[in-house]
1. List pairs: first in the stretch 14-32 and more than 19 Å from Lys4 (Cβ to Cβ), second open to solvent by less than 80 Å² (accessible area, probe 1.4 Å) and among the hydrophobic types (A, V, I, L, M, F, W, C), Cβ under 6 Å, 6+ apart or cross-chain?
2. Restricting to the stretch 1-21, and then to whatever is over 25 Å from Glu42 (Cα atoms) and of a type outside the set (Val, Ile, Thr), can you tell me which residue is surrounded by the fewest Cβ atoms within 10 Å (Cβ to Cβ)?
3. Scan the stretch 41-53 and report the pairs whose first residue is open to solvent by 100 Å² or more (accessible area, probe 1.4 Å) and whose second residue is hydrophobic (A, V, I, L, M, F, W, C), with Cβ atoms within less than 9 Å and a gap of 6+ or a chain change.
4. State whether one or more residues within the stretch 22-36 are exposed (fewer than 10 other Cβ atoms within 10 Å of the Cβ) and at negative phi.
Amino acid sequence: MERKEWILQELQRVYDQSQNYMEVALIKATQSILLEQYKRIEQMEGEMDGTLWSPKRWSE
């Protein structure tokens, strides 16, 4: 299992068991931040790949 999936599953498990509003809000915010960070990581990896394979940008 990938780390991202494991973290999100664990957060969801805690969310499902939580009775405290503040805890639920914190977990939802954490899930949202994690998803955004993983999205940005994928975008940066794609940009790096594109730069490495683009002859136009090799001189930069």
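The values are calculated or read from the model by the stated rules, or taken from the named source; none is laboratory data. Predicted model, so just to flag it, every value in this text is computed and none were measured. Quick reminder, even Gly has a Cβ in these numbers, built from the backbone with ideal geometry, and neighbours come from all protein chains shown. Areas reflect the complete protein model, heavy atoms only, side chains present, ligands, DNA and RNA absent. Shrake-Rupley method; radii C 1.70, N 1.55, O 1.52, S 1.80 Å.
1. Pairs that qualify, where the first residue is more than 19 Å from Lys4 (Cβ to Cβ) and the partner is open to solvent by less than 80 Å² (accessible area, probe 1.4 Å) and among the hydrophobic types (A, V, I, L, M, F, W, C), are Ser18/Val24.
2. Gln19
3. Leu52/Trp58
4. Among the residues of the stretch 22-36, at least one is exposed (fewer than 10 other Cβ atoms within 10 Å of the Cβ) and at negative phi, which makes the answer yes.
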